[in-house]
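What follows is a set of notes on a single structure, which appears directly below.
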Amino acid sequence: MAPWPEVEKPETNNYIGDSSKQNQNMAGKEGENHKGSNVASLGNKREIQPAFSTIALIDETRPEEDDPWALPELQDTGVKWSELDRKGKIIRVLYGIGKFIMLLGLLYLFVCSLDVLSSAFQLVGGKAAGDIFQDDSVLSNPVAGLVIGVLVTVMVQSSSTSSSIVVSMVSSTLLTVQSAIPIIMGANIGTSVTNTIVALMQAGDRNEFRRAFAGATIHDFFNWLAVFALLPIEVISGYLYHLTNVIVESFHLESGEDAPELLKVITDPFTKLIIELDKSVINAIATNDESARNKSLVKIWCVTETNVTLQNVTIPPSENCTTPDLCWTEGNVTWTIKNVTETEYISKCQHLFVGADLPDLAIGLILLALSLLVLCSCLVMIVKLLNSVLKGQVASVIKKTINTDFPFPFTWLAGYLAMLAGAGMTFVVQSSSVFTSAITPLVGIGVISIERSYPLTLGANIGTTTTAILAALASPGSTLKYSLQIALCHFFFNVSGIILFYPLPFTRLPIRMCKTLGNITAKYRWFAIFYLLICFFLLPLFVLGLSLAGWPVLLGVCLPLFALFVAVIVINVMQSKRPHSLPEKLQNWDFLPIWMHSLEPWDNVIMASLSFCGKHCCGFCKCCKVNAEQEGAKDKQLKTVEVYENTIAMTDEERGGRRAPASACVEKTGTNNTAL
């Protein structure tokens, strides 16, 4: 066997041969022994022929694999059913039944924790919410009414509670229906904060968090866009008020029975063992009842009986008797007969805090911490259970059932059926927050796509308004008309928003907006907290403060900011679509300081602050160390996958010779590093 020829002064270009020369050499030596031809070629020309690589083939398939919005395949790594014996099949069936029962139990605790969370928010901020509704001069401003609806619903975590406060104020003539409509629009926005908070619990996995946060905020974007489009139309034309007024006046309304409570029948026996609230206190504060300020929201007596009796009572001499026959005088005392209401307390409630000598704020904070703990724990376990159950054939069937469209020309029908399903499920659970919070982890793990979660969320908006209409029909006669009209305003507001932002594909702006936000929060996970604080707390408080200063201040500050915001959006769109139509300076944002057009400097500051805090916090430091090790392991795994086979380099390594330069491999692995 001929020895391997030594190559003197090897250079990079010796390893990279011209393809035409290679083809000529191969054609000229056709029929010779392959090994002998290689040795002869190396001996004569003293160069090594290039190896063929599969990098190009791998790169062609990579864009599909790297699509962060593609639904992942949940592979079944266990033993196949056909390979199991009888005992193994029985054990797997029992395991499946146990997982299903555990999933139902976790969902029950999840819904109950949302109910307790709402009660905790009402204990913490319920009286403050009632105080906000007292200033009717501010509520007459539609912008102020909008942000008050957002803030109050975020504080009490229930759009039905804020709607009932509005109905009480309208029925007591403290508020007109026209002024109540912007508050209902704000309540529609505030109720979407719950599933946004739920999405934060999936921040551990980058891609899961991307999909979950986008699936949660699609509700936010739809509500904000609908308000921006419909509130000016309502202020100018009053179409919601006039439409609902015609509907209400055309019916001969009578007070009905109590509205059906479907999910409450299941959850109330458990939640009433934890806390029960007297929500009439918030309504009384909102309607300027001073005696309600000193009352506690925690209900003490659950069974009471009210008796109305005619009694002889004394009245001041200066007070005139409405009926002289019922008044008489004995000496200097004037007597009359009046209806006296007496409340008889029969039995106390059975919840944990019935005998607690604690203020409402302390009880609210305790319940807030416990409910958030249970909520997070249930959500983490639900996601793990779903990941273990939804694998292989089961996952593919569910994905095809939920995400598949009908064949042309009925492709459009699938979205409307999903909308109908979302409305029906929300009607069953009687809460849009519960339904959207339940589908958020499903979007995160990839069972439901973003495009399918959009009509489901819109259906949830419709479903919660139908529940409000049924509750309004069961209202007493004094509030029946107003509660029904406000519920119908809520219903037609959501229908109008769907007409604007769903039927045509290019009008589905919330999908594109939530995906953009999902990409940002996946890279900078702290931005999710920033978004939550800005959209649901700081921005409404800022606008409310300007509203208190009057219309001139509100318009003078908000109009320039809004114009600047619109201009930035238009320039961004043109930069991506038609940059040559812009002046050269506006074709990118490089003329601005980097902190004004990039989150990277802010990310560096925040991560540096967290690392500084981590040095003084042992638990956080360990957590950071674990996360860093996981990220390092992922990067190492990526680099291992990126190594491609090169036969020449392997031969050199075996013979102790020099290796061919791997610049292409190094360059390729460098582009896959993910920035924090």
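The values are calculated or read from the model by the stated rules, or taken from the named source; none is laboratory data. This is a predicted model, so every value here is computed, not measured. Here the Cβ positions follow ideal geometry from the backbone for every residue, glycine too, while neighbour counts run over all protein chains shown. These accessible areas exclude ligands, DNA and RNA; they are computed on the full protein's heavy atoms, side chains included. Shrake-Rupley method; radii C 1.70, N 1.55, O 1.52, S 1.80 Å.
For segment 436-457, backbone nitrogen atoms closer than 18 Å to the point 7 Å from ASP67 Cα along Cα-to-C-beta are found at 443-454. For THR334, the residues whose modelled amide H falls within less than 5 Å of its own, excluding neighbours fewer than 5 places apart on the same chain, are ILE315.
Accessible area per residue (1.4 Å probe, heavy atoms of protein chains only) ranks ASP220, ASP405 as ASP405, ASP220, with the largest value leading. What is the percent carbon and sulfur in the accessible area of segment 444-551, measuring with a 1.4 Å probe over the protein chains and ignoring ligands? The value for segment 444-551 is 78 percent carbon and sulfur by accessible area.
Computed with every protein chain present, the accessible area of LYS348 is close to 110 Å² [probe 1.4 Å].
At an R0 of 51 angstrom, the distance between the Cβ atoms of LEU582 and GLU249 translates into a FRET efficiency of 0.40. When the residues VAL447, VAL570 are ordered by accessible surface, computed with a 1.4 Å probe over the protein chains alone, the sequence from largest down reads VAL570, VAL447. Calculate, in nm to one decimal, what TRP81 and CYS327 gain on full extension: separation in residues at 0.36 nm each, minus their alpha carbon distance. Length gained between TRP81 and CYS327: 79.6 nm. Modelled spin labels at TYR95 and LEU555, positioned 7 Å past Cα toward Cβ, are 6.9 nm from each other. What's the FRET efficiency of VAL265 with ILE534 using the Cβ-Cβ distance as r and R₀ = 25 Å, to the nearest 0.05? The formula returns an efficiency of 0.05 here. What a 1.4 Å probe finds exposed on segment 105-205 is 63% carbon and sulfur by accessible area, rounded to a whole percent. Modelled spin-label separation between GLU342 and ILE469, with each label point placed 7 Å from Cα along the Cα-to-Cβ direction: 4.6 nm. Projecting the Cα positions of HIS219, THR191, LEU106 onto the charge dipole of segment 105-254 (unit charges on Cβ atoms of Lys, Arg, Asp and Glu, taken about the Cα centre) puts LEU106 furthest along the positive direction. In this simple spin-label approximation, VAL380 and MET607 carry label points 7 Å from Cα along the Cα→Cβ vector, and these lie 2.4 nm apart.
Using a probe of 1.4 Å on the protein chains alone, the accessible area found for GLU600 is around 60 Å². A 1.4 Å probe over all protein chains sorts THR507, THR304 by accessible area into THR304, THR507, starting with the largest.
Accessible surface of ASP115, taken over heavy atoms with a 1.4 Å probe and every protein chain present, rounds to 40 Å².
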